[in-house]
Amino acid sequence: MKLNLVVICIDTFRADLGGSGGQFHFVKTPNVDRLRRESVSFTRCFGEGEPTIPVRRCLFTGVRSFPWRFETANEGLQPAGSGWHPIPHEQDTLAERLHDAGYLTGLVGDTYHMFKPTMNFTRGFLSWQFIRGQENDPCRSGPYERIDLSTHVPEGEASPAQHPTVAQYLLNALDRRGEEDWQAAQVFRAAARWLEDNRRNAPFFLWVDSFSPHELWDPPRHYADAYCPPKPGVKDIIYPQVFRGDFSRMSPDEIERCKALYFGFVAFVDRWVGHLLAAMDALRLWDDTLLVFLSDHGTEVMDKGQFGKAADRLYPFNTRLNWFIRHPSGPRGKTCDAWVQNHDLLPTLLSLLGVEHPPLDGQDVWPVITGDPVRDHVITGWGPHACVRDADRAVHLNVTRPDYERAARVFDLQDDPDETRDVAPQHPEAIRQAVARLAAVTGPLPVAFRQYRQRAQGRTMRSFAPIRFGK
């Protein structure tokens, strides 16, 4: 009997939430915790090439996104940074491979970057459903007079020209009435319906992709109120990027409320993960279905004085991923501290499903839960930056700088697991080792990455709002 496969991929879901026992253990995630208790969880899983699109392309193909080496055309795409492009035509996807092995394939998601006209992440899916309206998804262009930016942005900045992302999002949310209208609820309800429709079409493969709790941190408010009740005069900063990195402009009350908006959004997403798990229960799918839970990256919640994420902040709160595998045959509640990365997903799943494939960049890591690890370190790339991490040290470098060694930062993880003290001068050997490990992947440093250059900036609300509403 061939096993079915269901993959749940969640954006911006930190690996130290809820039942992980990590820093944010107090955030209520009972449904994700249930999966953790029933699964093998990899506690040292790190992204290899960040963020959203590079991670997913690697998940779909088993081919590293980093180093950035493909000049794949992405005209009109925004953002269009390093690694932000479609799947190269010569790379086969997980959906294509499983289709060819006789699987009925489906995709349900609201991660709008995957569905943009220049992208091709629907390859191999016999059905795909795109839930509209997240972040800068160009879902609506008006009416502007019905949105109020002032409650979400700094004083005196309530113009779409200054904050087009907030404007686009508020336009997209205009018709929302109840909790079931939020995108995460729509995604997991649609995924549950897909399972109901296709229960008898086994073997099947369903990829469920939730952009929430990515910014904008805008859950139904009672979820956030559980972590920090609203106070008169304190704004709900649903998109902390409106402060453009200067978080000293936020009051202490605004900071605490902003944290609560993220925690509440996590709890809200978990509630709707539970809706899908309930469908799995009702349909009695657990005995013949492999279920995988993933995240693509985390986010900083004032861990080091900031909100959000950035290429030069390759700390675990940004780069460590969730990865659970619930196999019908177990084991249950097992943790594995082997070093694994997202390019290991595809070869691991194909091996578990008995589907042959040629060698890929990733490895089948299922055997490491009882045997020897496949690697002793991990490499994460993001823009021009990279981090080489092992059990002893994390070395952060800008691999495009001629003085990459002199500018490197080294953190002793045994004495300083939070990576607060740069000890590079005391550990030149760690830098040399990191450079050698990087060079095995990227070639000699410094690196000059290849990338398609667009003729013009992508035309979106970000480009239009300053033209229409600017001074």
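The values are calculated or read from the model by the stated rules, or taken from the named source; none is laboratory data. Please read all numbers here as calculations on a predicted model, not as lab measurements. Every residue, glycine among them, receives a Cβ derived from its backbone with ideal geometry; neighbour counts consider all protein chains shown.
Would you be able to tell me the number of residues in segment 73-125 that are in a helix (DSSP H, G or I) and farther than 21 Å from Asp137 by Cβ? Walk me through how you get there before you give the answer.
Of segment 73-125, the ones in a helix (DSSP H, G or I) are 94-100, 112-115.
When the remaining residues are screened for being farther than 21 Å from Asp137 by Cβ, the result is 94-100.
Residues meeting the conditions: 7.
Candidates in segment 129-166 are the residues that are over 25 Å from Glu254 (Cβ atoms) and of a type in the set (S, T, N, Q); of these, the one that is surrounded by the most Cβ atoms within 10 Å (Cβ to Cβ) is Gln129. When the residues of segment 425-462 are filtered to those that are small (Gly, Ala, Ser) and either touching a His at 6+ places or on another chain (Cβ under 9 Å) or modelled with pLDDT under 95 (or both), the one that is farthest from Ala158 (Cα to Cα) is Ala434.
Can you report the number of residues in segment 200-246 which are farther than 19 Å from Gly133 by Cβ and in a loop (DSSP other than H, G, I, E, B)? First the steps, then the outcome.
Taking segment 200-246 and keeping what is farther than 19 Å from Gly133 by Cβ, we get 200-207, 222, 224-235, 237, 240, 242-246.
If we keep only those that are in a loop (DSSP other than H, G, I, E, B) as well, we get 200-203, 226-235, 237, 244-246.
Residues in segment 200-246 being farther than 19 Å from Gly133 by Cβ and in a loop (DSSP other than H, G, I, E, B): 18 in total.
The set of residues from segment 374-399 being among the small types (Gly, Ala, Ser) and under 20 Å from Ala448 (Cβ atoms) comprises Gly381, Gly383, Ala386.
Quick grid of which residues meet (1) among the charged types (D, E, K, R); (2) without any contact (Cβ under 8 Å) to a residue 24 or more places away in the chain; (3) more than 17 Å from Gly22 (Cβ to Cβ):
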| residue | (1), (2), (3) |
| --- | --- |
| Pro230 | no, no, yes |
| Glu254 | yes, yes, yes |
| Ala260 | no, no, yes |
| Gly264 | no, no, yes |
| Arg284 | yes, yes, yes |
| Met302 | no, no, no |
| Gly308 | no, no, yes |
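No other residue among Asp372, Asp422 is over 15 Å from Phe66 (Cβ atoms), modelled with pLDDT of 95 or more and not small (Gly, Ala, Ser) apart from Asp422. Of everything listed in (1) in a loop (DSSP other than H, G, I, E, B); (2) closer than 27 Å to Thr400 by Cβ, the single unmet condition for Phe26 is (2).
Starting from residues that are aliphatic (A, V, I, L, M) and part of a loop (DSSP other than H, G, I, E, B), keep the ones in segment 247-291 and report whichever is farthest from Ser39 (Cα to Cα).
Of segment 247-291, the ones aliphatic (A, V, I, L, M) are 250, 255, 260-261, 266-267, 269, 273, 276-280, 282-283, 285, 290-291.
Now drop any that are not part of a loop (DSSP other than H, G, I, E, B), which leaves 250, 283, 285.
Working: Met250: 40, Leu283: 19, Leu285: 15 Å.
So, considering only residues that are aliphatic (A, V, I, L, M) and part of a loop (DSSP other than H, G, I, E, B), the one farthest from Ser39 (Cα to Cα) is Met250.
Here Arg97 meets the list (1) closer than 26 Å to Gly383 by Cβ; (2) modelled with pLDDT of 95 or more almost entirely, failing just condition (1).
Just to be sure before I move on: is Trp323 closer than 24 Å to Leu413 by Cβ, of a type in the set (A, V, I, L, M, F, W, C) and surrounded by 21 or more Cβ atoms within 10 Å (Cβ to Cβ) in the structure I sent? Yes, satisfied.
Scanning segment 444-459 for residues that are closer than 29 Å to Ile87 by Cα, surrounded by 16 or more Cβ atoms within 10 Å (Cβ to Cβ), hydroxyl-bearing (Ser, Thr, Tyr) and touching a residue at least 24 places away in the same chain (Cβ under 8 Å) turns up nothing.
Taken over segment 372-399, the criterion of being of a type in the set (Val, Ile, Thr) and either buried (at least 17 other Cβ atoms within 10 Å of the Cβ) or part of a strand (DSSP E or B) (or both) is satisfied by Val378, Ile379, Thr380, Val388, Val395, Val399.
Okay, residues lined up against (1) at positive phi; (2) touching a helix residue (DSSP H, G or I) at 6+ places or on another chain (Cβ under 6 Å); (3) in contact (Cβ under 8 Å) with a residue 60 or more places away in the chain; (4) not acidic (Asp, Glu):
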{"residue": "Ala73", "(1), (2), (3), (4)": "no, no, yes, yes"}
{"residue": "Ala80", "(1), (2), (3), (4)": "no, no, yes, yes"}
{"residue": "Phe115", "(1), (2), (3), (4)": "no, no, no, yes"}
{"residue": "Arg146", "(1), (2), (3), (4)": "no, no, no, yes"}
{"residue": "Gly156", "(1), (2), (3), (4)": "yes, no, no, yes"}
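Annotation note: of Asp209, Asp236, Asp181, Asp197, the sole residue that is among the acidic types (Asp, Glu), buried (at least 21 other Cβ atoms within 10 Å of the Cβ) and at pLDDT 95 or above is Asp209.
Which of the residues that make up segment 322-370 are on the phi > 0 side of the Ramachandran plot and charged (D, E, K, R)?
If we filter segment 322-370 for residues that are on the phi > 0 side of the Ramachandran plot, which is where we start, we get 330, 333, 354.
Once the filter is applied, which keeps residues that are on the phi > 0 side of the Ramachandran plot and charged (D, E, K, R), segment 322-370 yields nothing.
Gln306 passes every criterion in (1) out of contact with any Gly (no Cβ under 8 Å at 6 or more places or on another chain); (2) surrounded by fewer than 19 Cβ atoms within 10 Å (Cβ to Cβ) apart from (1). So which residues in segment 188-199 are over 28 Å from Asn318 (Cβ atoms) and either assigned to a loop (DSSP other than H, G, I, E, B) or not charged (D, E, K, R) (or both)? Ala190, Ala192, Trp194, Leu195, Asn198, Arg199, listed by residue number. Among all positions in segment 312-322, there is at least one residue which is in a loop (DSSP other than H, G, I, E, B), touching a Lys or Arg at 6+ places or on another chain (Cβ under 9 Å) and of a type in the set (Phe, Trp, Tyr).
Only one of Leu346, Leu350 is part of a helix (DSSP H, G or I) and over 23 Å from Ser210 (Cβ atoms); which? Write out each step before concluding.
Numbers: Leu346 fails: over 23 Å from Ser210 (Cβ atoms).
Residue meeting the stated conditions: Leu350.
Restricting the search to segment 269-291, which residues are within 10 Å of Phe188 (Cβ to Cβ) and of a type in the set (Phe, Trp, Tyr)? Answer for segment 269-291, where residues must be within 10 Å of Phe188 (Cβ to Cβ) and of a type in the set (Phe, Trp, Tyr): just Trp272.
In contact with a helix residue (DSSP H, G or I) (Cβ under 9 Å, 6 or more places away or on another chain), crowded, with 18+ Cβ neighbours inside 10 Å, modelled with pLDDT of 95 or more and in a helix (DSSP H, G or I): is that true of Leu360 in this structure?
Working: in contact with a helix residue (DSSP H, G or I) (Cβ under 9 Å, 6 or more places away or on another chain): yes; crowded, with 18+ Cβ neighbours inside 10 Å: yes; modelled with pLDDT of 95 or more: yes; in a helix (DSSP H, G or I): no.
Answer is no for this residue.
In segment 24-41, the residue that is surrounded by the fewest Cβ atoms within 10 Å (Cβ to Cβ) out of those that are in contact with an Asp or Glu (Cβ under 8 Å, 6 or more places away or on another chain) and in contact (Cβ under 8 Å) with a residue 12 or more places away in the chain is Pro30. With respect to the conditions (1) more than 19 Å from Asp296 (Cβ to Cβ); (2) modelled with pLDDT under 95, Ser82 lacks only one, and its number is (1).
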